[in-house]
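Engineer: Could you have a look at this structure, given as structure tokens, before my questions?
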Amino acid sequence: MTELAPHTGHRDRLREKLTSAGGLALHDYELLELYLFRSIPRRDTKPIAKALIARFGDLGGVAGASVRDLTAIKGVSERVAADLKLIQPLAERLAREQAIGRPVITSWSALVAYCRTAMQHATTEQFRVLFLDRKNKLIADQVLGEGTIDHAPVYPREVVKAALAHEASAIILVHNHPSGDATPSQADIEMTRTLMEICKPFEIAVHDHLVIGRENTASFKTLGLM
């Protein structure tokens, strides 16, 4: 008779808790445990999951961590780290599906949620553009600049070129502040105004500029900066 590992019963109980009560009934580390079951089939994943949450703060932090940082956690091999890196693109795709093809006026919260999912935990600054059609529906989005911890290059010509390629009538600018503070800088304000002027001759409206911080999101339109 084969003797079951001590954690086998725990895994069954955790799966039952998920199916009966749903994901909201589980702690972050428990969800991570469940995810790790298939990556680490013969070890107790609870200590590993707890160590990951302790190191990176939350599930988003784990998903956004580099392979190098993930493998610094005891029990996380490169293969396990590669599996963990799947969380971020899956979350982005799910969030994007809630916003794509819908008018931004009726899906604004879904749009912001998507941007936060995609950029909140990035360790370097990214500049993303959301492209809208004549009915203000999101038709595409694209990262047009990626840089250091506090700067991402922005080339207005590339923004206009991409908008024309997507036949967009309007755009929403989005970038993140890896430092955590979503307050727009003077450089952010000047760059936004420059882009607005450059887009005018092409009849491309700039609806807003969102700055994604760790805990909050700043809107240029709400702040009266445009």
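Engineer: Yes or no: the range 95-108 includes at least one residue that is under 28 Å from ARG38 (Cα atoms), touching a Lys or Arg at 6+ places or on another chain (Cβ under 9 Å) and not basic (Lys, Arg).
Structural biologist: yes
Engineer: Could you please find all residues in the range 18-28 being open to solvent by less than 70 Å² (accessible area, probe 1.4 Å), part of a helix (DSSP H, G or I) and either farther than 22 Å from LEU52 by Cα or not hydrophobic (A, V, I, L, M, F, W, C) (or both)?
Structural biologist: Within the range 18-28, ALA21, GLY23, ASP28 qualify.
Engineer: Please go through the range 29-52 and give me each residue that is open to solvent by less than 30 Å² (accessible area, probe 1.4 Å) and either assigned to a helix (DSSP H, G or I) or not aliphatic (A, V, I, L, M) (or both), ordered by number.
Structural biologist: Applying the first criterion (open to solvent by less than 30 Å² (accessible area, probe 1.4 Å)) to the range 29-52 yields 30, 32-34, 36-37, 39-40, 45, 48-49, 52.
Once the filter is applied, which keeps residues that are open to solvent by less than 30 Å² (accessible area, probe 1.4 Å) and either assigned to a helix (DSSP H, G or I) or not aliphatic (A, V, I, L, M) (or both), the range 29-52 yields GLU30, LEU32, GLU33, LEU34, LEU36, PHE37, SER39, THR45, ILE48, ALA49, LEU52.
Engineer: Tell me, yes or no, whether the range 28-38 has at least one residue that is among the hydrophobic types (A, V, I, L, M, F, W, C), under 22 Å from GLN120 (Cβ atoms) and out of contact with any strand residue (DSSP E or B) (no Cβ under 9 Å at 6 or more places or on another chain).
Structural biologist: yes
Residues checked against (1) at pLDDT 95 or above; (2) open to solvent by less than 70 Å² (accessible area, probe 1.4 Å):
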| position | (1), (2) |
| --- | --- |
| PHE127 | no, yes |
| LEU132 | yes, yes |
| ASP141 | no, yes |
| ILE149 | no, no |
| LEU164 | yes, no |
| ILE171 | yes, yes |
| PRO178 | no, yes |
| ILE204 | yes, yes |
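Engineer: Need the failing condition index for VAL159 against (1) closer than 13 Å to GLU125 by Cβ; (2) surrounded by 14 or more Cβ atoms within 10 Å (Cβ to Cβ); (3) not polar (S, T, N, Q), just the number.
Structural biologist: Tallying (1) closer than 13 Å to GLU125 by Cβ; (2) surrounded by 14 or more Cβ atoms within 10 Å (Cβ to Cβ); (3) not polar (S, T, N, Q), VAL159 fails exactly one: (1).
Engineer: Pairs under 8 Å by beta carbon, first residue over 18 Å from PRO153 (Cα atoms) and assigned to a helix (DSSP H, G or I) in the range 194-205, partner open to solvent by 70 Å² or more (accessible area, probe 1.4 Å) and hydrophobic (A, V, I, L, M, F, W, C), six or more apart or different chains?
Structural biologist: Listed by first residue and then by second, the contacts come to PHE202/LEU164.
Engineer: Where the second residue is among the β-branched types (Val, Ile, Thr) and the first is within 16 Å of ILE87 (Cα to Cα) and lies in the range 44-71, which pairs have Cβ atoms under 6 Å and are six or more apart or on separate chains?
Structural biologist: As it stands, the answer is LEU52/VAL62; LEU52/ILE73; PHE56/VAL62; ALA63/ILE87; LEU70/VAL76, since those pairs meet every condition given.
Engineer: Of the numbered conditions (1) in contact (Cβ under 8 Å) with a residue 12 or more places away in the chain; (2) open to solvent by 10 Å² or more (accessible area, probe 1.4 Å); (3) not aromatic (Phe, Trp, Tyr), GLN186 fails exactly one; give the number of that condition.
Structural biologist: Among (1) in contact (Cβ under 8 Å) with a residue 12 or more places away in the chain; (2) open to solvent by 10 Å² or more (accessible area, probe 1.4 Å); (3) not aromatic (Phe, Trp, Tyr), the lone unmet condition for GLN186 is (1).
Engineer: Then there's this: Go over the candidates ILE48, ILE40 one by one and state the one that is within 23 Å of GLU16 (Cβ to Cβ), touching a Gly at 6+ places or on another chain (Cβ under 9 Å) and at pLDDT 95 or above.
Structural biologist: None of the others qualify; the one that does is ILE48.
The values are calculated or read from the model by the stated rules, or taken from the named source; none is laboratory data. As the structure is a prediction and not an experimental result, all values here were calculated from the model. So basically every Cβ, Gly included, is an ideal-geometry build from the backbone, and we count neighbours across all protein chains shown. Heavy atoms of the whole protein, side chains included, go into the accessibility calculation; ligands, DNA and RNA do not. Shrake-Rupley method; radii C 1.70, N 1.55, O 1.52, S 1.80 Å.
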